[in-house]
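The values are calculated or read from the model by the stated rules, or taken from the named source; none is laboratory data. All values derive from a computational prediction rather than experimental measurement. Neighbour counts are summed over all protein chains in view; Cβ atoms, including those assigned to glycine, are modelled from backbone coordinates with ideal geometry. Just so you know, the surface numbers come from the protein's heavy atoms only, side chains and all, with ligands and any DNA or RNA stripped out. Shrake-Rupley method; radii C 1.70, N 1.55, O 1.52, S 1.80 Å.
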There are 2 protein chains.
Amino acid sequence: MTEKQEKIITAALDLFAKEGFRNTPTSKIAKQAGVSEGLIFRHFTNKDGLLEAIVNEGGERFKMLYADIVLENDAKKIILKTIHMAKSITANKEDMSFWKLQYKLKWELDIYDAKKIEPLERSLSMAFEELKFRDPKMEAKLLLTLLDGLATRLFLDADFDLEEAIDYLAKKYNLIK
Amino acid sequence: MTEKQEKIITAALDLFAKEGFRNTPTSKIAKQAGVSEGLIFRHFTNKDGLLEAIVNEGGERFKMLYADIVLENDAKKIILKTIHMAKSITANKEDMSFWKLQYKLKWELDIYDAKKIEPLERSLSMAFEELKFRDPKMEAKLLLTLLDGLATRLFLDADFDLEEAIDYLAKKYNLIK
DNA sequence: TATATTTGCAAGTGATTACTCACTATTATG
DNA sequence: CATAATAGTGAGTAATCACTTGCAAATATA
């Protein structure tokens, strides 16, 4: 990856997040990246190729997000760390805009790669099993579904209080006092 | 509303759901509706006006969805009916495509009207209070957030089993055996 | 029935779009 | 150092887009 290639991706990331994929002209991306428009097509073939690069990066970063969770042995910690994922994707402005874009693209492109969360779902399932939940698999699936809902509110409803929601969740699962 | 006006809305509903708002040309809408392209602008001023009509219809239909829930007195029934809302929006193909579009537009337009669910949230909150939940307000908010997650999975993940999820939820809340 | 209003059409139009192409500059390799 | 490959430019281009305009048909109103 050359320096200019990264600049293109950074600019596209920023503009797609703000304006959406279809609504962002390649000319604008090139301008913000400080490169010629033709270079985008030299490196990424077409606009969809640029999008693909961004989606792939999203997939990689997502795996990294829960990498340490699947290595965890303590059941309660697995669940607690999973819940706190929602917090880490909003740690700073850039992260938030990055993850918001990933969700936005899910809807725009009509994709939901269930395989990407499978390892996390398995870890959660085992954790719930250890904690004697009635149906550990469903409980795991439902918690991940709740996290999807949390993301929806977090990214679309400016008034949503994530901290409060996470706190309540942790109490509900008896993870904290 | 004239006959052709309705045909335009129906076509737009269908195409926006399939291809997205920005990606659907007005020429295509006109063609599918069997009218001239100019008529769209005569009736809806511009493309955004057409979108507005659709979003407004979504708001109205959403209120109708939970109209009978807020009139319910039995706490358990309020919660159960709320959970079953997820099922009624997938009753048939047209409904499913309609509601999927509404969610899609939320992300494309970056809007989340929390006011629209407020009456339902209040009803739920009262129900949870009656059932002696620790923090009824948070519990209500969290259940609605879970429903947002359920919608995400339902509309994007083809393998998601809604029936199963709803069943498990109902048991979790002690609404059924 | 006369006339005003609304509904509808078809053929534009200028702006914008993703993408190409002919070319130059830079870097890697033998 | 020569040459091949890659990185980069920027002026095009055909297609597509939302929207306009001038006019006709249908409908409402007096």
Would you check if there is a residue in the range B:152-160 being within 11 Å of chain A (Cβ to nearest Cβ), part of a helix (DSSP H, G or I), open to solvent by 10 Å² or more (accessible area, probe 1.4 Å) and not aromatic (Phe, Trp, Tyr)?
yes
With within 14 Å of chain A (Cβ to nearest Cβ) and under 26 Å from residue A:107 (Cβ atoms) as the only criterion, which of B:93, B:116 stands out?
B:116
Working only within the range A:80-121, note down all residues that are open to solvent by 20 Å² or more (accessible area, probe 1.4 Å), small (Gly, Ala, Ser) and within 25 Å of residue A:167 (Cα to Cα).
A:88, A:91, A:97
Scan (1) without any contact (Cβ under 8 Å) to a residue 60 or more places away in the chain; (2) within 14 Å of chain B (Cβ to nearest Cβ); (3) in a helix (DSSP H, G or I) for the single condition residue A:16 breaks and write down its number.
(1)
Would a scan of the range A:131-150 turn up a residue that is crowded, with 20+ Cβ neighbours inside 10 Å, in contact (Cβ under 8 Å) with a residue 40 or more places away in the chain and among the acidic types (Asp, Glu)?
no
Unmet requirement for residue A:139, which otherwise passes all of (1) within 12 Å of chain B (Cβ to nearest Cβ); (2) at pLDDT 95 or above; (3) within 17 Å of the chain's Cα centre (by Cα)
(3)
Return a yes/no flag: does the range B:32-47 have any residue that is more than 16 Å from DNA strand C (Cβ to nearest atom), away from chain A (no Cβ under 14 Å) and free of Cβ contacts under 8 Å to residues at least 60 places away in the same chain.
no
Selection status of residue A:37, within 16 Å of DNA strand D (Cβ to nearest atom) and either in contact with a Cys (Cβ under 6 Å, 6 or more places away or on another chain) or acidic (Asp, Glu) (or both):
yes
